[in-house]
Amino acid sequence: MSNSTLAQRQAELVAALVAGGPLPAGFDRRRVAVAEQALRGKRAGEVARVWPRLAAGLREDWPECFRRWASGRPPEGALRDG
């Protein structure tokens, strides 16, 4: 596999994980979905640290609310995502 092909496959995987891109061929859908959920959870925590009142206002609903909002949206940094 050439470096350009590898870079393209990596970009496709990143897009699937954080931006709602299609699942690249050869990857396990369930495992990618688990990783995607974990990354959205991490992102929710980062946004909560920057916007504590936003997260506090939603209390226990914050993580799931943020995960739904972030689905298919590429990260723009915690400040902008908030």
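The values are calculated or read from the model by the stated rules, or taken from the named source; none is laboratory data. Keep in mind it's a predicted model, so treat the numbers as computed, not measured. So basically every Cβ, Gly included, is an ideal-geometry build from the backbone, and we count neighbours across all protein chains shown.
What are the residues in region 11-52 that are basic (K, R) and out of contact with any Ser or Thr (no Cβ under 8 Å at 6 or more places or on another chain), if any? It would help to see each step written out before you state the result.
If we filter region 11-52 for residues that are basic (K, R), which is where we start, we get 29-31, 40, 42-43, 49.
R29, R30, R31, K42, R43, R49, listed by residue number.
Here is a check on your reading of the model: is S4 among the hydroxyl-bearing types (S, T, Y) and either within 15 Å of the chain's Cα centre (by Cα) or modelled with pLDDT of 90 or more (or both)? If you could, list the steps in order and put the result at the bottom.
On the way: among the hydroxyl-bearing types (S, T, Y): yes; either within 15 Å of the chain's Cα centre (by Cα) or modelled with pLDDT of 90 or more (or both): no.
No; evaluated as a whole, the condition is false for this residue.
Which of the residues that make up region 34-61 are among the β-branched types (V, I, T) and either in contact (Cβ under 8 Å) with a residue 24 or more places away in the chain or surrounded by 16 or more Cβ atoms within 10 Å (Cβ to Cβ) (or both)? Full working, then the answer.
So in region 34-61, the residues among the β-branched types (V, I, T) come out as 34, 47, 50.
Scanning region 34-61 gives V47, V50.
Determine which single condition A25 fails, assuming it passes every other condition in (1) assigned to a helix (DSSP H, G or I); (2) surrounded by fewer than 14 Cβ atoms within 10 Å (Cβ to Cβ); (3) not basic (K, R).
Against the list (1) assigned to a helix (DSSP H, G or I); (2) surrounded by fewer than 14 Cβ atoms within 10 Å (Cβ to Cβ); (3) not basic (K, R), A25 comes up short only on (1).
So if I check each of E64, E12, which one is of a type in the set (D, E, K, R), in a helix (DSSP H, G or I) and in contact (Cβ under 8 Å) with a residue 12 or more places away in the chain? Walk me through how you get there before you give the answer.
Numbers: E64 fails: in contact (Cβ under 8 Å) with a residue 12 or more places away in the chain.
Criteria check complete, one pass: E12.
One residue is enough: does region 9-22 have a residue meeting the conditions more than 17 Å from the chain's Cα centre (by Cα) and of a type outside the set (A, V, I, L, M)?
So the first thing to find is which residues in region 9-22 are more than 17 Å from the chain's Cα centre (by Cα), and the list is 9.
Then drop every residue that is not of a type outside the set (A, V, I, L, M), which leaves 9.
Looking through region 9-22, at least one residue is more than 17 Å from the chain's Cα centre (by Cα) and of a type outside the set (A, V, I, L, M).
I'm told R31 meets every condition in (1) outside any loop (DSSP other than H, G, I, E, B); (2) surrounded by 10 or more Cβ atoms within 10 Å (Cβ to Cβ) except one. Can you identify the failing condition by its number?
Just one mismatch for R31, condition (2).
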